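First up is the structure itself, then whatever we jot down about it.
What follows draws every value from the coordinates through simple rules; no lab data is involved. This structure is a prediction, so every number in the text was calculated from the model and none was measured. Positions of Cβ are backbone-derived with ideal geometry, glycine not excepted, and every protein chain shown enters the neighbour counts.
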Amino acid sequence: MLVSFLLLTISSFGQKSSITINYKPSLTSFGQQSQSFQHYYFASRKGDPTFNNTINVLYNHQLSSRVVLMTGLEYSQQGQNINFNADSAFPSSNRKILKVQLNYLRLPLTVGYSIYKTTNSNLNIYSGVSLGIAIKRRDNYQDIIIEDILLPPANKRYKNTDWAIPIGIQYKKELTPLIYINVGGEYLLGLTNSFTNSGSSKFGVLSEFKNSRQNRLAISFGVGINLTK
């Protein structure tokens, strides 16, 4: 919020700035597990990339003709669905899915660079950091796995913050001097293991999750408003 305030102040002196609303249909996953992962419950090491949604509102401040600073607020559905029982010692036609839901309010801060530019359009690449604050931490683990343990609630087993690096490309096209549209793609590289460090967080099958860093692959569609000329 402080960064946004400073940028808005700077823009009042004539630098070009804009606000964009973006929708990002995405595939999320925990990524490749780092150990042998031999437990018979699991069908694979990765589980299934899971469809989720992201939407954000970004403030864009043009630092130079080719460099732009972007920040704002993002609602990001993350987590993953993972097949169980496919390799079970007791096969069943009733397959079960572990559904991990981790939704965040993310605060991205990225820098973009224009690699192609014309009068009314440009192609940018960008990267930076993104802080996620959990607003939903839920799974159905105890509903589908029979184990003689009592786990803490999901909101105690998953961390309430998450750090990641967004890496993206974006094409922007001005429709009028005021309005523009943009399309692009983004990969969010997870830096934080989602489980807490408490030993009580990962009994039984959940102890197999040595790598719970969340990754997100998304396409992006947006519309923006130029605040200054």
Förster radius 45 Å - calculated FRET efficiency between residue 121 and residue 81 (Cβ-Cβ, nearest 0.05):
0.75
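Do any of 99/159; 136/159; 117/172; 99/156; 24/156; 117/173 go past 19 Å between their Cα atoms, and which? Kindly include the intermediate steps, with their values, before the conclusion.
On the way: 99/159 17 Å; 136/159 11 Å; 117/172 10 Å; 99/156 16 Å; 24/156 28 Å; 117/173 10 Å.
Long pairs (Cα-Cα over 19 Å): 24/156.
Based on the Cβ-Cβ distance of residue 97 and residue 131, what FRET efficiency does E = 1/(1 + (r/R0)^6) give at R0 = 22 Å, to the nearest 0.05?
Calculated value: 0.15.
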If you rank 139, 162 by fewest surrounding Cβ atoms within 10 Å, what's the result?
139, 162
Going fewest to most other Cβ atoms within 10 Å around each Cβ, 186, 174 line up as 174, 186
Amide H neighbours of residue 227 under 5 Å, counting only residues 5+ apart in sequence or on other chains, H built in-plane at 1.01 Å?
17, 18, 19
Quick query: amide H of residue 140 versus all other amide H atoms, modeled in the peptide plane; which residues come in under 5 Å with a sequence gap of 5 or more or a different chain?
99
